[in-house]
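Remarks on the structure that follows.
The values are calculated or read from the model by the stated rules, or taken from the named source; none is laboratory data. Computed from a predicted structure; not experimentally measured. Here the Cβ is made from the backbone with ideal geometry for all residues, glycine too, and neighbour counts use every protein chain on show. Only protein heavy atoms, including side chains, enter the accessible area calculation; ligands, DNA and RNA are left aside. Shrake-Rupley method; radii C 1.70, N 1.55, O 1.52, S 1.80 Å.
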Amino acid sequence: MAAPAQTLLLFGATGDLSRRMLLPSLFGLHADGLLPPDLQIFGTARSQIDDAAFRETAATALEPIVKERKLAKTVLDGFLARVHYVAADASQPETLAALGKVIGPRADKGLAIFLSTAPSLFEQTIAGLELAGLAGEHTRLALEKPLGQDLASSMEINDAVARVFPEARTFRIDHYLGKETVQNLLALRFGNILFEPLWNASAIEHVQITVGETVGLEGRTSYFDGMGSLRDMVQNHMLQLLALVAMEAPAQFTAAAVRDEKVKVLRSLRKLDAVKESVIGQYAAGAVAGAPVPGYADELEKPSDTETFVALKAHVDNWRWKGIPFYLRTGKRLPRRTSEIVIQFRPVPHSMFAGRGAALQPNRLLISIQPEENISFTIMAKQPGLDRQGIRLREVPLDIRLANAFADVRRRIAYERLLLDLIEGDPTLFVRRDEVEAQWEWIDAIRAGWADNAMTPKLYPAGTWGPPAAIALTERDGVTWHD
């Protein structure tokens, strides 16, 4: 692993992502003493402001955290002393010369760059960084999604990056990989002898992965209407979750070993039948949490064939998972905000309690990622008391609520883990190029199937779990979505 960077450069430093996620994450790391002592943070954007104005913006964004954690003012002052600002326009490479003059002398001591501009600006921004002397062997580059709209555009972006930054110094971000529960999935599987012997087709009946949102467009109109739920959510977050669920045990917890195993899963995904194994929908007017909301076309103010909901039945064709369906579901304006993985185990082969009137339910492992981080395993237990009819059994959850189990540990923003790893040069939780391209290859085939079969989204009322066909997708197999 490379030496920690002494300089962090944030593009888009005055934007929403910076105010909501990046600056709070960096401040949290600073307050906990996790940042390198000499690390200096430089923000850049088109806004013509100075250090003082940028620090004021940062202080405003961080004020709620200071109050919540009851931190001394000196902690905030110490962080703001690390923060600087240099105006530059990512769309005009020549303006990055100003960054070179300020940051160049520090670059040889390690420079980490977080690039959250529009992907269409990646190539010219990287060219500008190279001209400014900020792309040398001690510089690593983090790229925020989206990385293309299909395999071809993704390869074009990656080729442009690779001309200046080799793969070892390129860090592609999927912020889901920074979430504690996602990382806990690896600990659960490979740190406990209980689950791994059963983590295969002989003991597991199916897997469900759901990412539900209650929001609609929320100011992302121009981006989302050109992407849709399949490319916005399934291509990155959900396929990464699937890969972590399905991967083989790496020999070591290293970046290369972990990512090698994920790629094997992604390349084992069977090409699905678009008509029989996918459902697409678009929300119509309805109500979410009791509040009326308009339909997607009403929000957009024009008709659209963009899907706001997608459900898929996927298969991983390898020895471990042969024949086991992975049901994926994501959408906007659903009844509740949730990200969860359900591992449904098979029933016991024979119930000795059946003659005594007791019914058994198969075990289920529920891994909740948001809004709460929780791991719950349902087992069968005898209900206390006496019963002349026989024995009564009931499902009982064994809960590991991370907020309770680790009450003395602060719940972190996912970007804290990723920013710290970027600064320290650890790529384990970042996405490698071959992963991205394997994901796009599978997604492109689904979109081609939709086009070939003239499939368009079916309307579903906002506040419901998608079109009725999504229910039929699983119930044909005798499976019910976990709601």
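Pairs under 7 Å by beta carbon, first residue more than 13 Å from Phe309 (Cβ to Cβ) in region 444-472, partner basic (Lys, Arg) and surrounded by fewer than 20 Cβ atoms within 10 Å (Cβ to Cβ), six or more apart or different chains?
Note: pairs meeting the criteria are Ala445/Lys271.
Under 9 Å by Cβ, and 6 or more places apart or on different chains, what pairs join a residue from region 21-36 that is closer than 14 Å to Val66 by Cβ with one that is among the basic types (Lys, Arg) and in a helix (DSSP H, G or I)?
That search, which allows pairs on different chains as well, returns Gly28/Arg69; Ala31/Arg69.
Output the helices (runs of 4 or more DSSP H) that fall wholly within region 131-224 and possess 2 or more residues being more than 30 Å from Thr480 (Cα to Cα), open to solvent by less than 20 Å² (accessible area, probe 1.4 Å) and not basic (Lys, Arg), or say none. Walk me through it before giving the result.
Numbers: elements: 151-162, 180-190, 221-224.
Result: 151-162.
Out of Ile65, Ile103, report the one residue that is part of a helix (DSSP H, G or I) and touching a Pro at 6+ places or on another chain (Cβ under 8 Å). Working first, answer last.
Working: Ile103 fails: touching a Pro at 6+ places or on another chain (Cβ under 8 Å).
Checking each option against the conditions leaves just Ile65.
Do any residues in region 152-166 that are under 15 Å from Ala142 (Cβ atoms) have Cβ atoms under 7 Å from those of residues that are part of a helix (DSSP H, G or I) and among the charged types (D, E, K, R), where the two are at least six apart or on different chains, and which pairs are they?
Matching pairs, first to second residue: Asn158/Arg433; Val164/Glu130.
Within the set of pairs 6 or more residues apart or between chains, which connect a residue that is among the aliphatic types (A, V, I, L, M) inside region 410-439 to a residue that is in a helix (DSSP H, G or I) and open to solvent by 20 Å² or more (accessible area, probe 1.4 Å) with Cβ atoms less than 7 Å apart?
Sorted first by the residue in region 410-439, then by its partner, the pairs are Ile413/Met21; Ala414/His175; Leu418/His175; Leu429/Arg417; Ala438/Arg267.
Run down Ala403, Ala414 and say which single residue is within 30 Å of Glu144 (Cβ to Cβ), at pLDDT below 95, hydrophobic (A, V, I, L, M, F, W, C) and in contact with a helix residue (DSSP H, G or I) (Cβ under 6 Å, 6 or more places away or on another chain).
Of the residues listed, the single one that is within 30 Å of Glu144 (Cβ to Cβ), at pLDDT below 95, hydrophobic (A, V, I, L, M, F, W, C) and in contact with a helix residue (DSSP H, G or I) (Cβ under 6 Å, 6 or more places away or on another chain) is Ala414.
Here's the yes/no breakdown for (1) basic (Lys, Arg); (2) crowded, with 18+ Cβ neighbours inside 10 Å:
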residue	(1), (2)
Lys322	yes, no
Pro335	no, no
Ile341	no, yes
Pro347	no, no
His350	no, no
Asn363	no, yes
Ser368	no, yes
Glu372	no, no
Ser376	no, no
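List every residue pair whose Cβ atoms lie under 6 Å apart, where the two residues are 6 or more positions apart in sequence or sit on different chains, the first residue falls within region 214-241 and is closer than 14 Å to Leu334 by Cβ, and the second residue, located anywhere, is among the basic types (Lys, Arg).
Correct list of pairs: Thr214/Arg337; Gly216/Lys332; Gly216/Arg333.
Just to check your reading of the model, which residue among Ala359, Ala314 is more than 14 Å from Ala462 (Cα to Cα), open to solvent by less than 10 Å² (accessible area, probe 1.4 Å) and among the small types (Gly, Ala, Ser)?
Numbers: Ala359 fails: open to solvent by less than 10 Å² (accessible area, probe 1.4 Å).
Unique residue meeting the criteria: Ala314.
For region 34-56, what are the residues that are closer than 17 Å to Thr74 by Cβ and open to solvent by 60 Å² or more (accessible area, probe 1.4 Å)?
Within region 34-56, Pro37, Arg55 qualify.
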